[in-house]
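K.L.:
Here's a structure for you.
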Amino acid sequence: MTRECTKTACPYCGVGCGVEVNALGIEGDKHHPANQGALCVKGSALAQSLAMPSRLLYPKLNGREITWQQATDMIASAYHDAIVHHGANSTAMYVSGQLLTEDYYVANKFMKGVVGSANIDTNSRLCMSSAVVAHNRAFGEDVVPVNYDDIDDADLIVICGANTAWTHPVLFRRIQQARERNPQLRMVVIDPRETVTAQQSDLHLAIPNDGDTALFNGLLRYCLDRGVIDEGYVAQHTCGFSALSDAVRSQDFDLDSLSEQLGLSQEQLKTFYRWFANTRKTITLFCQGVNQSQYGADKGNAIINAHLATGKLGYQGAGPFSITGQPNAMGGREVGGLANQLAVHRGFDQESIKLVSEFWQTDNLATTPGLKAVEMFDAVERGDIKVIWIMATNPVVSMPDNSFVKRALEKCPLVIVSDVTSDSDIAQYADLLLPAAGWGEKQGMVTNSERMLTRQRQFIESKGAAKSDWRAVCDVGAKLCQLMEKPNAFDFATEADVFREYAAMTGINKNSERLLDLSEYAQISDEEYLNWQPVQWGGQRPLADGQFCFPDRKARFVVPAIPSKNSESVWWLNSGRQRDQWHTMTRTGYISHLAATEPEPTVYMSQRSAAYMGIKEGELVALTGEVTERSIVAKAAIDDGLGTRQLFMSMHWAGEYGRESQVNAVISRTVDPHSGQPAFKSQPVAIRPVDVKAYGLYLGERFVERNFAYQSFQSEERIGVWRFADTQNLDRSVSEDLGETPHKRKVVLELASGWLTVGYDEVGEERVIRSILMVSGQPIVTDVSQLALLVGKPLRFSSLLAIAAQQESSELICSCFRVNDKQIVRELESGNCSNLNQLQSKLKCGTNCGSCLPQVEQLISRHQQTILVAK
Ligand SMILES: Nc1nc2c(c(=O)[nH]1)N[C@H]1C(S)=C(S)[C@@H](COP(=O)(O)OP(=O)(O)OC[C@H]3O[C@@H](n4cnc5c(=O)[nH]c(N)nc54)[C@H](O)[C@@H]3O)O[C@H]1N2
Ligand SMILES: Nc1nc2c(c(=O)[nH]1)N[C@H]1C(S)=C(S)[C@@H](COP(=O)(O)OP(=O)(O)OC[C@H]3O[C@@H](n4cnc5c(=O)[nH]c(N)nc54)[C@H](O)[C@@H]3O)O[C@H]1N2
Ligand code: SF4
Ligand SMILES: [Mo]
């Protein structure tokens, strides 16, 4: 079904960029409101992502291929048997913000409408559920009151708990462009880490973990003391302010106390408070640093409180802006895919139960909330769940305490997994593995952070027997209806049919305070669905009239709980994202230029922390959690953006890329009591250096695993790169075992701290390099991309040794053109280049997607500062 030009949407983050597939390849859609043609580093690698290895093509039962018919019958019978023998709540489904709205809608209908259990939850529980609670508590409905255009108009942008430069790069470019246009615009970043985003700010507030509530309560206190509360707005449009103002008048929130609690100077606090109080057009963006916390929902409300109390929402350039992570996290919230929602922004109240039952024509509706993600896997572990269907998410990597999730799934009688690749860790836990049509092969709707509904469109045939998720659910649903002797609730021929039913269903909100209502699209034709142009529900600023979604139309203030003080004697592990990887790496790990920025599992710490622990950069360290006893191993790296006793690790490492380095192995199952969202960002851990005797690096086609203390994999052009380490000395025999390739010829070279074995083939007169193995007593800092270029080339000892002897590590800045920090600094120091334009024309860095621009700019400003100091 290749059409000349297909407009679709990027499958990664919640910015929701429009994408155009045309004869030239895949590029940004210049006419899409979210990105106007821009794509970040991940989005601009979408063409490469289509060459996914280990693509899943046929349904498999315990590794054996079966037909879809067999799979469908088996799943329907399993759900039916469980319902009959153990009740509907013995079944479950765990889905994802990466499903399309149509997939999500039928999955929700399947569980809540037909099976009769609300045990359907989603990875949005790990992502957005705290923000959902905060919105519901403050506004009466899960509504984001702002849109991207507001960013262009703001005079103050507060970024709280988000590393936007890396995680929502196209949005961040937009902020930077707004700053270029409007010199008044200030940016404040609130993050315990000095991230790339923070480095670009006018003010960075490095609060301790979970210090957000105190900081925002302090802001309210400041506003109260200075009489800058918008009393008119508070009186007319809100309730509950007096309880909140009493709470923030406590001594804990005066400047003296706050300065001590938060480790910030009074000057820093006053600057932030003054800017916020005096700037009418203020936006506060927030993401996982707020949500993924034991206090996530309250932190969200603390932010919203500040906006409500000062009346900063409802007009251009102002409001609290929860940014979504996944492409359809918002769509999932809309259909009602969370276990504690029923459907279309409805809960389990009597009126909603009645309306939804009528709409779905079911006498079997789930009438009480189901299990939230962490509770769901607890129930699986207890044996209460007899069948679970996991779709488009990788919980054995992404859930906290992932070894627990693995154990739980091993106990479950039937685990069904729908995925696109058999390489995902979750595929290893499937009894029944189903091939899903992936991005480009499927179509449907997604909603982004600003409530914009965009179509993902199909532009290639799906592979093998891969089937769209919505269709797989409908086939099983139809069969289950038959077994339950009920009319078929899944009689949909196309995605458009599903969308029309969903749009019609939102019409039940029509005569209520709720804003989600897409019923005007309930009758659209197939043609209109095909040609759908982005549509924003709720308009640009849905709460602009000051009419909130409670019966009395008033917003609510919430008195947030204050986190207990962190103990100063432990190490705090914070986890999150890298610029160039997507989640558990199943769709980005194999793209070599994306793999190069963080080539192996890494734990970051400040110079001081490292010195205190006696840890050297590049050495391996082991982390152990307090609750879980397992430890993980990763490379130590210095990041002086981290405070004392703070560690950071990315959440991505999974599969063969870093099997023993999955950060969630040391993160406990602590959740926010209101939202059930795990506290991924504040885990107390113990850290110690690993007593490594030998570090190894292998480049070649294939690697034969041994039981090393540490092993990781990096995908390079044409070949693989394996890193390993052991606590015992490795002798030369290791060269014989590793890399079973047909070429048997080897030459061994001595290095200062180890040796290097080159495997080669004789091709005519030449010896062509096939594999390179380095073993050293010291961490290996060699530039792997240069070594990789030698593989497949004639053996030249001089070039090989020159690269191997390199002792200086570098950091890749621009992955599109492979430009590292050393190259940029060299150009700056030599005087060849002194500004961004010159660097761009000399090295091309930042001229493709622009994701690295904040880092290039940072290197330039650091260089300029050094010159100033020298003068
Ligand atoms: N490159 C890339 N981009 C992505 C994704 C990806 O996998 N890769 N995933 C997408 C998804 S699903 C999501 S949810 C978003 C997440 O987007 P973000 O939330 O921006 O990303 P994170 O790195 O998870 O965490 C953000 C920051 O929270 C900070 N933080 C930790 N604790 C606290 C705290 O107590 N208070 C405050 N104020 N800050 C704290 C961390 O130091 C971190 O810098 O990214 C989306 N975009
Ligand atoms: N420590 C720590 N853990 C975290 C976080 C953190 O910051 N720190 N962040 C959390 C957050 S915010 C999120 S959103 C989660 C993300 O965590 P996950 O959702 O578990 O991560 P993904 O790798 O996106 O998993 C998607 C899976 O679906 C498959 N897939 C891709 N396309 C399709 C499709 O069309 N259909 C089907 N059926 N399958 C498909 C992919 O191959 C992959 O296996 O991680 C959470 N976990
Ligand atoms: S910012 Fe990047 S990852 Fe996010 S939607 Fe746009 S192109 Fe995709
Ligand atoms: Mo997320």
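Coordinate-derived values only; no laboratory data. Just so you know, these numbers come straight off a predicted model, no measurement behind them. Here the Cβ is made from the backbone with ideal geometry for all residues, glycine too, and neighbour counts use every protein chain on show.
K.L.:
Out of (1) farther than 20 Å from Gln326 by Cβ; (2) among the small types (Gly, Ala, Ser); (3) within 16 Å of ligand 4 (Cβ to nearest atom), what's the single condition that is false for Ser449?
P.N.:
Every listed condition holds for Ser449 apart from (1).
K.L.:
Can you pull out the residues in the range 290-316 that are more than 16 Å from ligand 1 (Cβ to nearest atom), buried (at least 24 other Cβ atoms within 10 Å of the Cβ) and part of a loop (DSSP other than H, G, I, E, B)?
P.N.:
Once the filter is applied, which keeps residues that are more than 16 Å from ligand 1 (Cβ to nearest atom), buried (at least 24 other Cβ atoms within 10 Å of the Cβ) and part of a loop (DSSP other than H, G, I, E, B), the range 290-316 yields Lys312, Leu313.
K.L.:
Hey, another quick one. Which of the residues that make up the range 1-55 are buried (at least 23 other Cβ atoms within 10 Å of the Cβ), without any contact (Cβ under 8 Å) to a residue 40 or more places away in the chain and in a loop (DSSP other than H, G, I, E, B)?
P.N.:
Residue satisfying the conditions is Asp29 alone.
K.L.:
Answer yes or no: is there a residue in the range 514-526 that is at positive phi and assigned to a loop (DSSP other than H, G, I, E, B).
P.N.:
Scanning the range 514-526 turns up no residue that is at positive phi and assigned to a loop (DSSP other than H, G, I, E, B).
K.L.:
Just one of Ser130, Ser124 is closer than 30 Å to Phe241 by Cβ, in a helix (DSSP H, G or I) and within 16 Å of ligand 1 (Cβ to nearest atom); which is it? Spell out how you get there, then give the answer.
P.N.:
Values: Ser124 fails: closer than 30 Å to Phe241 by Cβ.
After applying the criteria, what remains is Ser130.
K.L.:
Which of the residues spanning the range 395-421 are closer than 23 Å to Gly336 by Cβ and within 16 Å of ligand 1 (Cβ to nearest atom)?
P.N.:
Hits for the range 395-421 are Pro395, Ser398, Met399.
K.L.:
If I filter the range 262-277 for residues that are in contact with a His (Cβ under 7 Å, 6 or more places away or on another chain) and away from ligand 4 (no atom under 16 Å from the Cβ), do I get at least one hit?
P.N.:
No, the range 262-277 has no match at all.
K.L.:
Here are some conditions: (1) farther than 27 Å from Ala654 by Cβ; (2) touching a Gly at 6+ places or on another chain (Cβ under 6 Å); (3) in a strand (DSSP E or B). Asn364 meets all but one. Which one does it not meet?
P.N.:
(3)
K.L.:
Any idea which of Glu619, Glu656, Glu629, Glu660 is more than 16 Å from ligand 2 (Cβ to nearest atom) and either touching a residue at least 40 places away in the same chain (Cβ under 8 Å) or farther than 26 Å from Glu568 by Cβ (or both)?
P.N.:
The unique qualifying residue is Glu619.
K.L.:
In addition: Please list, ordered by first then second residue, the pairs with beta carbon atoms under 6 Å, 6 or more apart or interchain, first in the range 556-585 and within 16 Å of ligand 2 (Cβ to nearest atom), second among the aliphatic types (A, V, I, L, M) and part of a strand (DSSP E or B).
P.N.:
Pairs that qualify, where the first residue is within 16 Å of ligand 2 (Cβ to nearest atom) and the partner is among the aliphatic types (A, V, I, L, M) and part of a strand (DSSP E or B), are Trp571/Leu647; Trp571/Val685; Trp571/Ile687; Leu573/Leu647; Leu573/Val685; Ser575/Met649.
K.L.:
Which residue, of Ile803, Ile772, is of a type outside the set (Ser, Thr, Tyr) and either under 24 Å from Gln199 (Cβ atoms) or without any contact (Cβ under 8 Å) to a residue 60 or more places away in the chain (or both)? Reasoning before the result, please.
P.N.:
Values: Ile772 fails: either under 24 Å from Gln199 (Cβ atoms) or without any contact (Cβ under 8 Å) to a residue 60 or more places away in the chain (or both).
Sole residue among the options that is of a type outside the set (Ser, Thr, Tyr) and either under 24 Å from Gln199 (Cβ atoms) or without any contact (Cβ under 8 Å) to a residue 60 or more places away in the chain (or both): Ile803.
K.L.:
Continuing with this model, one more query. Anything in the range 166-189 that is within 16 Å of ligand 2 (Cβ to nearest atom) and not aromatic (Phe, Trp, Tyr)? List them, or say none. Break it down into steps so the answer makes sense when it comes.
P.N.:
Let us first name the residues in the range 166-189 that are within 16 Å of ligand 2 (Cβ to nearest atom), namely 166-168.
Hits for the range 166-189 are Thr167, His168.
K.L.:
Taking the range 824-858 as the search range and keeping residues that are of a type in the set (D, E, K, R) and part of a helix (DSSP H, G or I), which one is nearest to the chain's Cα centre (by Cα)?
P.N.:
Across the range 824-858, the extreme among qualifying residues is Glu857.
K.L.:
Quick one: count up the residues across the range 123-146 that are farther than 18 Å from Arg556 by Cα and either in contact with a Ser or Thr (Cβ under 6 Å, 6 or more places away or on another chain) or within 16 Å of ligand 3 (Cβ to nearest atom) (or both).
P.N.:
4
K.L.:
Kindly indicate whether any position in the range 331-342 is within 16 Å of ligand 3 (Cβ to nearest atom) and in contact (Cβ under 8 Å) with a residue 60 or more places away in the chain.
P.N.:
Checked the range 331-342: at least one residue is within 16 Å of ligand 3 (Cβ to nearest atom) and in contact (Cβ under 8 Å) with a residue 60 or more places away in the chain.
K.L.:
Tally time: how many residues in the range 759-790 are of a type in the set (Val, Ile, Thr) and touching a Leu at 6+ places or on another chain (Cβ under 6 Å)?
P.N.:
4
K.L.:
In the range 640-675, which residue that is of a type in the set (Gly, Ala, Ser) and part of a helix (DSSP H, G or I) is farthest from Glu598 (Cα to Cα)?
P.N.:
Ala665
K.L.:
Taking the range 525-539, which residues are buried (at least 17 other Cβ atoms within 10 Å of the Cβ) and more than 18 Å from Asp142 (Cα to Cα)?
P.N.:
Answer for the range 525-539, where residues must be buried (at least 17 other Cβ atoms within 10 Å of the Cβ) and more than 18 Å from Asp142 (Cα to Cα): Tyr529, Trp532, Pro534.
K.L.:
Would you mind finding the one in Val95, Val41 that is within 16 Å of ligand 4 (Cβ to nearest atom) and out of contact with any Phe, Trp or Tyr (no Cβ under 6 Å at 6 or more places or on another chain)? I'd like the intermediate steps shown before the answer.
P.N.:
Numbers: Val41 fails: within 16 Å of ligand 4 (Cβ to nearest atom).
That would be Val95, the only listed residue that is within 16 Å of ligand 4 (Cβ to nearest atom) and out of contact with any Phe, Trp or Tyr (no Cβ under 6 Å at 6 or more places or on another chain).
K.L.:
Still on this structure, I have one more. Tell me which residues, restricted to the range 269-289, are polar (S, T, N, Q), over 30 Å from the mean Cα position of the chain (by Cα) and buried (at least 18 other Cβ atoms within 10 Å of the Cβ).
P.N.:
Within the range 269-289, Thr279 is the sole residue that qualifies.
K.L.:
Still on this structure, please answer the following. Identify, by number, the condition in (1) closer than 19 Å to Asp419 by Cα; (2) within 12 Å of ligand 2 (Cβ to nearest atom) that Thr72 doesn't meet.
P.N.:
For Thr72, the failing item is (2).
K.L.:
Right, another one. If I ask for residues that are crowded, with 22+ Cβ neighbours inside 10 Å and closer than 22 Å to Val41 by Cα, which ones from the range 174-195 would you list?
P.N.:
Ile175, Thr195
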